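The values are calculated or read from the model by the stated rules, or taken from the named source; none is laboratory data. It should be emphasised that the depicted structure is a prediction, and the values quoted were computed from it without experimental measurement. Cβ atoms come from the backbone with ideal geometry, glycine included; neighbour counts cover every protein chain shown. With ligands, DNA and RNA removed, areas are computed over all heavy atoms of the protein, side chains included. Shrake-Rupley method; radii C 1.70, N 1.55, O 1.52, S 1.80 Å.
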Amino acid sequence: MADRQFGTSWRVLANLPSTGLSGTVTLRDPFGEAAGSAPFQEVGQGRYIATIDPAHTRAEGLWTAVWDYGSGTYEQPFTVNAGTGITLGTARVQAAQRVDVVHTGRVAASTLDTITDHSLIGGANDHLGKWVVPDENCADARHFRVVTGFNGSVLTVSSAYAQPLPVGSRYYLFSEHVQPEAVDRAIISVIQSLANSVAIPLRAEGLVPDERGIVTLPKGWTRLSEVWMTLDDGRMVSVAPRDWECLAGRRLRVLGANETVTLSITGSREPLPPVWDCSVLDVNPLLLLAGVASELHRSLAGGQATDFDAHLQRANMEFQTFGALLTRVPRLPRNSVPIRP
């Protein structure tokens with residue numbers, strides 16, 4: 001699970017220091033080598049976007065988008081590997097739904113500070129104070145606003161978006177008690193708490209060792225599990241653990257290897273917080289949502305919620321579910337070894 005996956009074009013977004021900037025984004029792979037570039041464009045209020053096709057797919061791990069805007073650069077690390085979970089945007093909505101009612105709407109028309117939705121039911125005061133959460137694919141996906149007015153079909157929000165929300169896109173209304181930023185903090189907290197329990201599998205191939213059989217390992221990897229060698233006649237053979245070792249400086253030495261062969265490796269990293277709303281999260285969705293819901297209910301039990309006992313009971317139930325699911329988390333392969341920095 002990762003911020004981006006091979007096999008698709010990558011859309012990268014960033015907030016840069018000012019408006020009106022122009023320049024390019026360059027991808028750097030886990031070895032620091034350039035792997036594609038494209039110009040970026042502003043989508044409003046210092047928010048920029050670019051779409052890039054990576055030049056190769058030889059290594060999963062920690063990639064970097066280097067935003068060059070003439071007067072400066074911004075390096076944005078992000079993870080790349082196979083994804084099987086849910087996105088941050090989906091996790092945010094589903095976690096909020098486990099705490100309070102979430103309304104799903106669709107934009108019929110919009111301006112910088114209004115959203116028209118003719119299917120939205122309620123009176124003038126029914127939605128005041130609720131949080132508007134744009135769909136994960138919007139440029140303003142992580143820019144949350146509070147409803148300050150409603151006339152039956154038009155929501156007015158507390159401050160302008162960078163650009164009007166796209167017509168036809170979804171949006172969500174969170175209860176005033178469920179702040180989207182608090183949900184995101186809980187998601188990150190749970191992911192970080194699982195750092196020693198969950199291993200995210202990674203692969204890399206086509207690595208060429210030097211004459212001593214040494215290669216540099218990809219950035220972002222924390223453990224190494226298997227090494228395979230492709231010989232000059234095309235045969236791929238497994239390298240026994242006794243014939244390879246991790247050296248200081250994120251290097252791997254393989255006995256019998258040299259520049260006439262290539263290496264393929266598998267390993268893992270710890271789960272990391274997502275960079276974008278459409279990033280696929282690093283952990284099992286059921287495990288993640290139970291942990292997040294437990295944190296949110298516990299927070300509401302000690303905050304402004306009206307039914308403290310109910311939130312505390314639901315927090316304990318979610319925590320029990322989290323504990324039960326945690327026992328089913330796949331463990332590290334027994335032969336994996338830590339990569340030495």
Filter region 100-151 for residues that are within 24 Å of the chain's Cα centre (by Cα) and polar (S, T, N, Q) and give the result. Thr104, Asn137
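For every residue, the table says whether it meets (1) among the polar types (S, T, N, Q); (2) open to solvent by less than 70 Å² (accessible area, probe 1.4 Å).
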position	(1), (2)
Cys278	no, yes
Pro285	no, yes
Gly291	no, yes
Ser299	yes, no
Asp309	no, no
Answer yes if at least one residue in region 99-110 is closer than 25 Å to Ala199 by Cα and at pLDDT 95 or above, and no otherwise. no
Only residues in region 267-282 that are of a type in the set (Asp, Glu) count as the first member; pair them with residues that are open to solvent by 20 Å² or more (accessible area, probe 1.4 Å), Cβ under 6 angstrom, at least 6 apart or cross-chain, and list the lot. Glu270/Ala195; Glu270/Thr222; Asp277/Glu136; Asp277/Arg142; Asp282/Met1
Taking the condition closer than 28 Å to Val178 by Cβ, out of contact with any strand residue (DSSP E or B) (no Cβ under 7 Å at 6 or more places or on another chain), touching a residue at least 24 places away in the same chain (Cβ under 8 Å) and open to solvent by 50 Å² or more (accessible area, probe 1.4 Å), does Leu194 pass? no
Does Gln179 satisfy the condition of being polar (S, T, N, Q), out of contact with any His (no Cβ under 8 Å at 6 or more places or on another chain) and more than 27 Å from Ala301 (Cβ to Cβ)? no
Of the residues that make up region 180-203, is at least one of a type in the set (A, V, I, L, M), assigned to a strand (DSSP E or B), within 27 Å of Pro30 (Cβ to Cβ) and touching a Lys or Arg at 6+ places or on another chain (Cβ under 8 Å)? yes
Kindly check whether there is at least one residue in region 39-53 that is at negative phi, among the small types (Gly, Ala, Ser) and open to solvent by 10 Å² or more (accessible area, probe 1.4 Å). no
When every residue in region 212-244 that is of a type in the set (Lys, Arg) and surrounded by 16 or more Cβ atoms within 10 Å (Cβ to Cβ) is compared, the one nearest to the chain's Cα centre (by Cα) is Lys219
